[in-house]
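Here the structure is laid out as structure tokens; the discussion comes afterwards.
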Amino acid sequence: MKKLLLVLAVLGLTTTAFTQKRHKEKALTIVVGKFAFCGASSAKPTGKTITVEGKKFFEGVAVCPVMDGPSIANTILVPNPSITPDSTDKTVWSYFWYYESVPQAPTWENIPTVSRTFVLDHGWENGMSNMWCMPCKVLPNKVNGVTLAECYGPLNELAFPMRRAVRALQGQTAVTQAPVGSTFSVGTIIPVRLMSDVKSKK
């Protein structure tokens with residue numbers, strides 16, 4: 001499980017590169033610069049809704065550390081991933097990268113990430129949130145030397161497939177790096193086809 005997220009990302013990049021010519025020349029891209037990493041964060045409902053690719057979902061907010069370096073972006077959701085949501089340094093996009101350790105709540109000390117899976121519960125005590133390629137507001141004050149951002153994204157919506165918004169279903173298995181007991185852990189459903197590819201490579 002330790003490198004499952006990285007394997008899924010690599011497989012996603014390669015399989016998307018093979019098929020995306022039928023839809024758009026490029027869907028996934030690597031961006032270098034500042035972004036919010038939410039993979040080890042939890043989220044809480046805002047009481048509002050958010051529209052993703054034409055579908056409405058309940059909205060969640062997650063506090064995530066701002067990183068500086070390479071990341072993976074979805075150009076379907078963010079056509080110009082090098083430009084911030086409001087074109088200023090007061091905002092960033094939330095992208096994905098694999099880290100062995102990141103600043104984590106509540107102290108925001110840099111500690112090792114632990115990938116885990118969990119089964120979605122429609123009581124939503126064990127729901128998930130998707131914070132990939134979502135807009136974030138940079139918070140004015142650092143905590144423990146770490147710049148943080150509030151990111152807003154859909155609750156119980158899948159990061160994959162990338163070309164349409166799909167609701168998460170009870171009983172599906174998600175992967176996250178958020179600690180056990182987190183509410184609406186930021187993560188994604190594990191695509192069955194990709195999991196089969198992962199297992200076949202072992």
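Points to keep in mind about this one:
- Checklist (1) among the polar types (S, T, N, Q); (2) surrounded by fewer than 19 Cβ atoms within 10 Å (Cβ to Cβ); (3) not in a strand (DSSP E or B) applied to residue 51, failing item: (3)
- Of the residues making up segment 167-185, those that are in a strand (DSSP E or B) and either within 18 Å of residue 61 (Cα to Cα) or among the small types (Gly, Ala, Ser) (or both) number 4.
- Condition check for residue 108: within 13 Å of residue 41 (Cα to Cα) and surrounded by 15 or more Cβ atoms within 10 Å (Cβ to Cβ): yes
- Residue 173 being in contact with a strand residue (DSSP E or B) (Cβ under 6 Å, 6 or more places away or on another chain) and more than 23 Å from residue 88 (Cβ to Cβ): yes
- Test: residue 174 is more than 20 Å from residue 98 (Cβ to Cβ), at pLDDT below 95, surrounded by 18 or more Cβ atoms within 10 Å (Cβ to Cβ) and of a type in the set (A, V, I, L, M): no
- Within segment 144-167, residues that are over 22 Å from residue 84 (Cβ atoms) reach no partner that is modelled with pLDDT under 85 and among the small types (Gly, Ala, Ser) with beta carbons closer than 6 Å at six or more positions or on different chains.
The values are calculated or read from the model by the stated rules, or taken from the named source; none is laboratory data. Worth saying up front: this structure is predicted, and the values here are computed from it rather than measured. Using ideal geometry, Cβ is built from the backbone for each residue, glycine included, and neighbour counts are taken over all protein chains shown.
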